[in-house]
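Student: Next up is a structure, given as structure tokens.
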Amino acid sequence: MLKFRNISLLRRLYVWGLSVITLIAYEPEHRAPLEGEHPDAQRIRRINSELEFGPHAWQNSFLESSGYVSSPHRQNAFQLDDITSFISDGIESIVDDTLTRCFTADPPHPWNFLTRNIPPGRWQMTPYQSLLWLIGVWARYCVFFPLRVAIIIIGISCFICGWALTYAIPTQRYKRFARQFFLRFLASVVVASWSGYVRFYGKRPERRANQIYVANHTSLIDLFILNKDYNFSCIGQRHGGLAGLLQDLLMAAQDHVWFDREEGNDRRVVTHLLREHVANKNKEPMLVFPEGTCTNSEYCIMFKKGSFALGAEVHPIAMKYKHRFGDPFWNSQTTSFPRHLFELMTSWAVVCDVHYMEPQRIQPGETGVQFANRVKKLICEKAGLISVNWDGFLKRHRISPKFLDSRQRALASVITRRMKGELPRSVSSSVLAGMDMAYPQTVGPANGAGGGMDTLAYERPFSHAYPDGRATSSWARRARGDRDEGNATSKLVRKTFREVIRWVMAIGLLVAAALLTDRFMPVAMKETLRSRFS
Amino acid sequence: MGANTSALLSEEIEEISRQTNLQQSEVKRLYKRFQQLDRKQSGTLDTRNLLMVPELAMNPLHPRLVSMFENVNFQQFVTNIGAFSSGAQPSTKIDFTFRLYDVDEDGFISSDDLEKILRMLVGDHIDQRTLTDVAVKVIADADTDGDGRISRDEFTTALDVPEVARKLTVTF
């Protein structure tokens, strides 16, 4: 079955063609950095560990950077330069914060002709690039867009006819089967309307009782992509407008659970419904996006623990989009769903890899939160996402003051201990013990540290959660790759070759565009143009 | 085509980058960030939107930092941030710190100012008497002319300027 579902020859050729053109015209594809090699790796790590284990890591950096450590003879409980670390910290977060970065779509770097929009700021393209880009705009809006609209209209008509026919099927079992087929068909029509090229890896889902599928979430289109391969039931927020209409349609055909996020009290109802649905073997497997909101497909935010505490077998699905061909991130705050679909339909393509991963079970002694983190880590590694521990809730609401309070408590304990003269140089284990009372989940590793500030003690719970091994090795791989680039002559040859091909391609594209316009332009229009110019 | 509608003019970028000793690319990046923070596109920053940045809301000094970035337009925003670039004078960095300490904005750090800062740092986990003791001691150490408050010059003397400047450098 796996072999058959990856067949979409035309689209594969199309995407392949696009990538060959970009490879010649531009630099090799920019790969999103992994967590370990991210320029802000240390900051991300500190925030992650702070959100998860309390303010140890942050307190550690504060103590290291405050003047107290470097000048032990100054015995004041507070130094005027103690606040420098807070200032630089605050400025850093004003300049750039990791939460906002999860929800903004950055244009691909380096800029290339596949990009949908002109990058903000000044016009920085060379004439050659502009030409290529303008031809691309022409092709996307004048050729692909009408074609895609046609695909969607024909496809939906077919779907409606087919769906109507299913009412004539007498046997319940076949009827269900036929309906599932038509729903999958509908999903693939929608995927085809953005030239979606999806590659599936891993074992195709099969229905059993007590299983739940979890995936990372970039846009509502995730649903179409996954439903194209297999019929899932979904749980999600109720939308308005076109997206809401689609949800109603789906609801009529299958069992889904939609809820309103602003109505806080229906969480219990939702959990109940979810549990019931998951236990029922006859319903479609449940698909959950535990992030709770759309993130751009480079970061992965905290997984909500709800779906992991059901006791069901969790099947992770990692989805990774290739940004180069079109950005699938849907920012529901700024873009409406029809607009998002329009943007996708006027992009080059949506290219996505879907990995079905080994089912995971909650281990004895593991809490729902830990289990959620473990699954998230698996997905991040598979899809190459940067993991941050922010709650999706923070996209719309302020962070709870308890995080600030825990920092203040940690600071207060440092200052009181300094006043008593207990802290001649750095944090002693007694401070750690005080901190552990506030954060019971870290009791094990931090208490094991014994005397003094053992960095290992801070790192241990953390390095367990975010092993860097893989990231380092991929870094090394890349460094090796760079060295293999070869000597100057071959570089020059390659460069000339590339330039020649660029110009040939540009001229060819221009001629092709002119010919196509000439061929398809209505005669009357041609006449008017001719009379105007002669 | 969804192109950026409110792009900064290149002359403005040049102007600002000349005034603040920042690279033009840095100014552009800051402008993008400013637009992000200014969710309503009003042209100035407000407290509510600043505190939506969780990393800032978790900072014990956020009331002071926010008050320095509240109601600023892009020009002032860049000037404030520019003090933290690696090319900026150490004195501007010290100046920012001094203004941060000087809660009542009278040009001196009094023990009241310092107490307020300490209160922000420790929340309600230390009682008032202890805090006052700490504040008075710090003031007494730095106060060379004996007027019970720290002036701008005394502040500079009390600090290890190159070290503080190094710590107050942020890459962006």
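The values are calculated or read from the model by the stated rules, or taken from the named source; none is laboratory data. All figures in this text were calculated on a predicted structure; none of them were measured in a lab. With ideal geometry, Cβ positions are generated from the backbone for all residues, glycine too; neighbour counts draw on all protein chains shown. Quick note on the areas: whole protein, heavy atoms, side chains included, nothing else; ligands and nucleic acids left out. Shrake-Rupley method; radii C 1.70, N 1.55, O 1.52, S 1.80 Å.
Student: Determine which single condition residue A:210 fails, assuming it passes every other condition in (1) over 23 Å from residue A:326 (Cβ atoms); (2) within 26 Å of the chain's Cα centre (by Cα); (3) of a type in the set (S, T, N, Q).
Tutor: Failing condition for residue A:210: (2).
Results for (1) touching a strand residue (DSSP E or B) at 6+ places or on another chain (Cβ under 6 Å); (2) of a type in the set (Lys, Arg), shown as yes or no for each residue.
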site: A:281; (1), (2): no, yes
site: A:287; (1), (2): yes, no
site: A:311; (1), (2): no, no
site: A:321; (1), (2): yes, no
site: A:330; (1), (2): no, no
site: A:341; (1), (2): no, no
site: A:347; (1), (2): no, no
site: A:352; (1), (2): yes, no
site: A:362; (1), (2): no, no
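Student: Looking at this structure, is residue A:86 within 14 Å of chain B (Cβ to nearest Cβ), within 30 Å of residue B:50 (Cα to Cα) and modelled with pLDDT of 80 or more?
Tutor: Working: within 14 Å of chain B (Cβ to nearest Cβ): yes; within 30 Å of residue B:50 (Cα to Cα): yes; modelled with pLDDT of 80 or more: yes.
Here the answer is yes, as residue A:86 does meet what is asked.
Student: Having 2 or more residues that are crowded, with 18+ Cβ neighbours inside 10 Å is the bar; report the helices (runs of 4 or more DSSP H) wholly within region B:33-104 that clear it. Don't jump to the end; show me each part of the working.
Tutor: Values: elements: B:47-51, B:54-57, B:62-69, B:74-82, B:90-101.
The helices (runs of 4 or more DSSP H) meeting that bar are B:54-57, B:62-69, B:74-82, B:90-101.
Student: Residue A:286: under 27 Å from residue A:394 (Cα atoms) and either within 18 Å of the chain's Cα centre (by Cα) or not assigned by TED's automatic domain parsing to the domain that holds residue A:47 (or both), yes or no?
Tutor: Judged against the criteria, residue A:286 is a match.
Student: How about region A:224-242: which of its residues are among the hydrophobic types (A, V, I, L, M, F, W, C) and open to solvent by 20 Å² or more (accessible area, probe 1.4 Å)?
Tutor: A:224, A:235, A:242, listed by residue number.
Student: When residue A:277 is evaluated against the numbered criteria (1) in contact (Cβ under 8 Å) with a residue 12 or more places away in the chain; (2) part of a loop (DSSP other than H, G, I, E, B), which criterion, by number, is the only one it fails?
Tutor: (2)
Student: Within region B:121-135, work out how many residues are under 15 Å from residue A:406 (Cβ atoms) and either more than 7 Å from chain A (Cβ to nearest Cβ) or open to solvent by 50 Å² or more (accessible area, probe 1.4 Å) (or both).
Tutor: Residues in region B:121-135 being under 15 Å from residue A:406 (Cβ atoms) and either more than 7 Å from chain A (Cβ to nearest Cβ) or open to solvent by 50 Å² or more (accessible area, probe 1.4 Å) (or both): 2 in total.
Student: Among the listed residues A:371, A:329, identify the single one that is assigned to a loop (DSSP other than H, G, I, E, B) and assigned by TED's automatic domain parsing to the domain that holds residue A:141.
Tutor: Details: A:371 fails: assigned to a loop (DSSP other than H, G, I, E, B).
Being assigned to a loop (DSSP other than H, G, I, E, B) and assigned by TED's automatic domain parsing to the domain that holds residue A:141 holds for just one of A:371, A:329, which is A:329.
Student: While we're looking at this one, here's another question. Considering only region A:217-257, state which residues are outside any strand (DSSP E or B) and over 19 Å from residue A:337 (Cα atoms).
Tutor: Listed by number, the residues that qualify are A:228, A:229, A:230, A:231, A:232, A:252, A:253, A:254, A:255, A:256.
Student: Now for a separate question. Go through region A:352-367 residue by residue and tally those that are crowded, with 17+ Cβ neighbours inside 10 Å and touching a Leu at 6+ places or on another chain (Cβ under 9 Å).
Tutor: So the first thing to find is which residues in region A:352-367 are crowded, with 17+ Cβ neighbours inside 10 Å, and the list is A:352-357, A:362.
Filter once more, keeping what is touching a Leu at 6+ places or on another chain (Cβ under 9 Å): A:354, A:357.
Looking only at that region, the number is 2.
Student: Further question: Using beta carbons and a limit of 7 Å, which pairs, at least six apart or on different chains, have the first residue in region B:81-100 and at the interface with chain A (Cβ under 9 Å from one of its Cβ atoms) and the second one part of a helix (DSSP H, G or I) and charged (D, E, K, R)?
Tutor: Correct list of pairs: B:83/B:93; B:84/B:93; B:100/B:64.
Student: Can you spot a residue in region A:152-160 that is open to solvent by less than 40 Å² (accessible area, probe 1.4 Å) and of a type in the set (Gly, Ala, Ser)?
Tutor: Yes: one or more hits.
Student: On to the next question. Checking residue B:38 against (1) touching a Leu at 6+ places or on another chain (Cβ under 7 Å); (2) within 9 Å of chain A (Cβ to nearest Cβ); (3) among the charged types (D, E, K, R), which test does it fail?
Tutor: Of everything listed in (1) touching a Leu at 6+ places or on another chain (Cβ under 7 Å); (2) within 9 Å of chain A (Cβ to nearest Cβ); (3) among the charged types (D, E, K, R), residue B:38 misses just condition (2).
Student: Being more than 30 Å from residue A:18 (Cβ to Cβ), at the interface with chain B (Cβ under 7 Å from one of its Cβ atoms) and modelled with pLDDT under 70 narrows it down to one of A:71, A:65, so name that one.
Tutor: Working: A:71 fails: at the interface with chain B (Cβ under 7 Å from one of its Cβ atoms).
Within the list A:71, A:65, the selection yields A:65.
Student: Oh, and also: Tell me, please, whether a residue that is of a type in the set (Phe, Trp, Tyr) and open to solvent by 10 Å² or more (accessible area, probe 1.4 Å) can be found in region A:338-351. Reasoning before the result, please.
Tutor: Here is the first cut: in region A:338-351, the residues of a type in the set (Phe, Trp, Tyr) are A:342, A:348.
From what's left, open to solvent by 10 Å² or more (accessible area, probe 1.4 Å): A:342, A:348.
There is at least one residue in region A:338-351 that is of a type in the set (Phe, Trp, Tyr) and open to solvent by 10 Å² or more (accessible area, probe 1.4 Å).
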